[in-house]
1. Can you find a residue in the range 8-15 that is assigned by TED's automatic domain parsing to the domain that holds residue 152, modelled with pLDDT of 85 or more and not in a loop (DSSP other than H, G, I, E, B)?
2. Tell me, yes or no, whether the range 137-151 has at least one residue that is in a helix (DSSP H, G or I), outside the structural domain of residue 75 (by TED's automatic domain parsing) and either touching a helix residue (DSSP H, G or I) at 6+ places or on another chain (Cβ under 8 Å) or closer than 16 Å to residue 175 by Cβ (or both).
3. When you go through (1) over 23 Å from residue 161 (Cβ atoms); (2) at pLDDT 75 or above; (3) out of contact with any strand residue (DSSP E or B) (no Cβ under 6 Å at 6 or more places or on another chain); (4) surrounded by 14 or more Cβ atoms within 10 Å (Cβ to Cβ) one by one for residue 67, which number turns out not to apply?
4. Say whether the condition of being in contact with a strand residue (DSSP E or B) (Cβ under 9 Å, 6 or more places away or on another chain), without any contact (Cβ under 8 Å) to a residue 60 or more places away in the chain, assigned to a helix (DSSP H, G or I) and under 21 Å from residue 68 (Cα atoms) is met by at least one residue in the range 101-108.
5. Search the range 163-181 for residues that are free of Cβ contacts under 8 Å to residues at least 40 places away in the same chain and pair each with any residue that is in a loop (DSSP other than H, G, I, E, B) and surrounded by fewer than 20 Cβ atoms within 10 Å (Cβ to Cβ) when their beta-carbon atoms are under 6 Å apart and the residues are at least 6 apart or on different chains.
6. Could you figure out which of (1) surrounded by fewer than 16 Cβ atoms within 10 Å (Cβ to Cβ); (2) in contact with a helix residue (DSSP H, G or I) (Cβ under 9 Å, 6 or more places away or on another chain) isn't true of residue 72?
7. Among residues belonging to the range 94-129 that are surrounded by 15 or more Cβ atoms within 10 Å (Cβ to Cβ) and on the phi > 0 side of the Ramachandran plot, point out the one that is farthest from the chain's Cα centre (by Cα).
8. Keeping to the range 157-166, report how many residues are buried (at least 16 other Cβ atoms within 10 Å of the Cβ) and at pLDDT 90 or above.
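The values are calculated or read from the model by the stated rules, or taken from the named source; none is laboratory data. Since the structure is predicted, the reported quantities are computational estimates derived from the model, not experimental observations. Cβ coordinates were reconstructed from backbone atoms using ideal geometry, including for glycine residues, and neighbour counts include every protein chain displayed.
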């Protein structure tokens, strides 16, 4: 959550994470989450005007053995696009962020990578540092993507700096196959 200079609620950030076996439960959650915020924004007391969905580069470029994850992120992305269409008349901006391979920040690990990392390392014959290097080297800028980078875009979308809704913002160092079309 964010507050503006007047201490008012300015935005919502929710990271959608899913385990392979919980796809149906996740989709139900997404629908309820969307309905909750649709109701919230129709309330006269609502002062928030931004929804930010943390999606994934997998929306545009899914990876093998990530079917449920990729489908859930694509579903959340579609729900966000529909919300952008439906909530614009209320002045609500809905935008999506598409990061790739955010392992954590050194002190706090990514829960997703705690789950899938060992299988990814084993399939590529790498240790954790080797896996991080693999993902860093596959993007055009050869950049390690950090949670802070994603947070910077969240703050931008939560601000009133631009009248933008329905946008997808990649935070992946440049993955050509995941460029939004």
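1. If we filter the range 8-15 for residues that are assigned by TED's automatic domain parsing to the domain that holds residue 152, which is where we start, we get 8-15.
Those left that are additionally modelled with pLDDT of 85 or more: none.
Checked the range 8-15: no residue is assigned by TED's automatic domain parsing to the domain that holds residue 152, modelled with pLDDT of 85 or more and not in a loop (DSSP other than H, G, I, E, B).
2. yes
3. Status for residue 67: all satisfied but (4).
4. No, there is no match, as no residue in the range 101-108 is in contact with a strand residue (DSSP E or B) (Cβ under 9 Å, 6 or more places away or on another chain), without any contact (Cβ under 8 Å) to a residue 60 or more places away in the chain, assigned to a helix (DSSP H, G or I) and under 21 Å from residue 68 (Cα atoms).
5. Partner pairs satisfying both residue conditions: 174/140; 174/141.
6. Tallying (1) surrounded by fewer than 16 Cβ atoms within 10 Å (Cβ to Cβ); (2) in contact with a helix residue (DSSP H, G or I) (Cβ under 9 Å, 6 or more places away or on another chain), residue 72 fails exactly one: (1).
7. If we take residues in the range 94-129 being surrounded by 15 or more Cβ atoms within 10 Å (Cβ to Cβ) and on the phi > 0 side of the Ramachandran plot, then 104 is farthest from the chain's Cα centre (by Cα).
8. Of the residues in the range 157-166, the ones buried (at least 16 other Cβ atoms within 10 Å of the Cβ) are 157-158, 165.
Restricting the remaining residues to those that are at pLDDT 90 or above gives 165.
Result for the range 157-166: 1.
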